[in-house]
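Data first, discussion second: the structure below is written as structure tokens.
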């Protein structure tokens, strides 16, 4: 296994790091000021569109798509360190590069399984960053982590499908630019194969019977920048039969294909968030004096920093291994590792690396870290 960065990855990393320093970090405070003036908390601060325009100009656009016909044509291993960099400013950077969930997974899904008409109507404006989208799978009444449990009914009537069901924690649905739902439900609820009972259909947001009922909180947060996480009801929603994605009965397989790369993206962004938290912690430890010496000289703080560094290095290697496996043996061959990175990264990156941080102020440029133990080595 070789996780070293090739020449193209190094070139893109250098460009992206400069973009973060010159444009994204300075825009964070601006975005917060603009958000306070928005009519709706779900509207996007104007500075985000400025960042998107600059990212397009610099060629830092749709980096996540492995299909060169639609995106940068990067492998999972090439894209992973770029996703980590964007995780250092999770509210702005992924959206600025058109690499934000759930649109990334939806674009991959449409690129791989959509027909030409679906690509023209929905994939192209998503690739251009003109609209947003949502993926409607999770339901309140069943354990939706197993997609075969989904109970939403998608019933064929002539040249139409009729959708009835209730979804929740549907990311991005509160964003006014969210124009399309990819809805998963059962078209053959009594079929002999439980993994051939589901299908996916495209449901435009303005279709009669679609109700975005409310925004939901996740650990107390509404996640305004990413369009929230909504409860959505589909009540007798009618769409053309041509809106089925792939084939009828193919929904479960499509869901698995969609979720694999998304794990890599999410986990590397979390590692980027953890790295920035450690930077803040180290800067605070070097500047804050208590009991006659800096926090950095306190043994317990040194232990915290060391624990955080070890954890981040372990998680990064596990995620890079998973990316390498996905590139070499495919998503099915990397199935165990894909599950492992979700468990390990979300649980440990969000606690171990940030636990002792009591910093104030904005985390600035990557060049300002002053405490050597924080490990911000450019080669990593």
Conditions (1) over 21 Å from residue 177 (Cα atoms); (2) surrounded by 13 or more Cβ atoms within 10 Å (Cβ to Cβ): number failed by residue 47
(1)
Considering only the stretch 154-208, give the strands (runs of 3 or more DSSP E) lying wholly within it that have at least 2 residues that are more than 26 Å from the chain's Cα centre (by Cα).
160-171
Only one of 92, 97, 123 that is within 20 Å of residue 243 (Cβ to Cβ) and in the same structural domain as residue 69 (by TED's automatic domain parsing)
123
Take residue 268 and decide whether it is in the same structural domain as residue 153 (by TED's automatic domain parsing), farther than 15 Å from residue 164 by Cβ and either buried (at least 20 other Cβ atoms within 10 Å of the Cβ) or in contact (Cβ under 8 Å) with a residue 24 or more places away in the chain (or both).
no
Inside the stretch 108-153, can you point out the residues that are touching a strand residue (DSSP E or B) at 6+ places or on another chain (Cβ under 8 Å) and in a loop (DSSP other than H, G, I, E, B)?
131, 137, 138, 139, 140, 141, 150, 151, 152
Among the candidates 84, 108, 116, single out the residue that is surrounded by fewer than 16 Cβ atoms within 10 Å (Cβ to Cβ) and outside the structural domain of residue 271 (by TED's automatic domain parsing).
116
Does residue 250 count as in contact with a helix residue (DSSP H, G or I) (Cβ under 9 Å, 6 or more places away or on another chain), within 30 Å of residue 158 (Cα to Cα), surrounded by fewer than 20 Cβ atoms within 10 Å (Cβ to Cβ) and touching a residue at least 24 places away in the same chain (Cβ under 8 Å)?
yes
Given the conditions (1) surrounded by fewer than 21 Cβ atoms within 10 Å (Cβ to Cβ); (2) within 17 Å of the chain's Cα centre (by Cα); (3) in a helix (DSSP H, G or I), which single one is not true for residue 56?
(2)
Of the residues that sit in the stretch 210-222 and are within 15 Å of residue 91 (Cβ to Cβ) and touching a residue at least 12 places away in the same chain (Cβ under 8 Å), which one is surrounded by the most Cβ atoms within 10 Å (Cβ to Cβ)?
222
Note: among 263, 346, 316, just one is buried (at least 21 other Cβ atoms within 10 Å of the Cβ) and closer than 30 Å to residue 194 by Cβ, namely 263
Looking at residue 286, is it touching a helix residue (DSSP H, G or I) at 6+ places or on another chain (Cβ under 8 Å), more than 19 Å from residue 134 (Cβ to Cβ), surrounded by fewer than 24 Cβ atoms within 10 Å (Cβ to Cβ) and modelled with pLDDT of 95 or more?
yes
Determine which single condition residue 1 fails, assuming it passes every other condition in (1) exposed (fewer than 14 other Cβ atoms within 10 Å of the Cβ); (2) touching a helix residue (DSSP H, G or I) at 6+ places or on another chain (Cβ under 6 Å); (3) outside any loop (DSSP other than H, G, I, E, B).
(3)
Evaluate the following for residue 216: is it under 28 Å from residue 346 (Cα atoms), modelled with pLDDT of 95 or more and either in contact with a strand residue (DSSP E or B) (Cβ under 9 Å, 6 or more places away or on another chain) or not assigned by TED's automatic domain parsing to the domain that holds residue 335 (or both)?
yes
May I ask you to list the residues in the stretch 4-22 that are part of a loop (DSSP other than H, G, I, E, B) and without any contact (Cβ under 8 Å) to a residue 40 or more places away in the chain?
4
Looking at the stretch 64-80 only, could you name the residues that are surrounded by fewer than 23 Cβ atoms within 10 Å (Cβ to Cβ) and under 29 Å from residue 279 (Cβ atoms)?
72, 74, 75, 78
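The values are calculated or read from the model by the stated rules, or taken from the named source; none is laboratory data. Nothing here was measured: the structure is a model prediction, and the numbers come from that model. Here the Cβ is made from the backbone with ideal geometry for all residues, glycine too, and neighbour counts use every protein chain on show.
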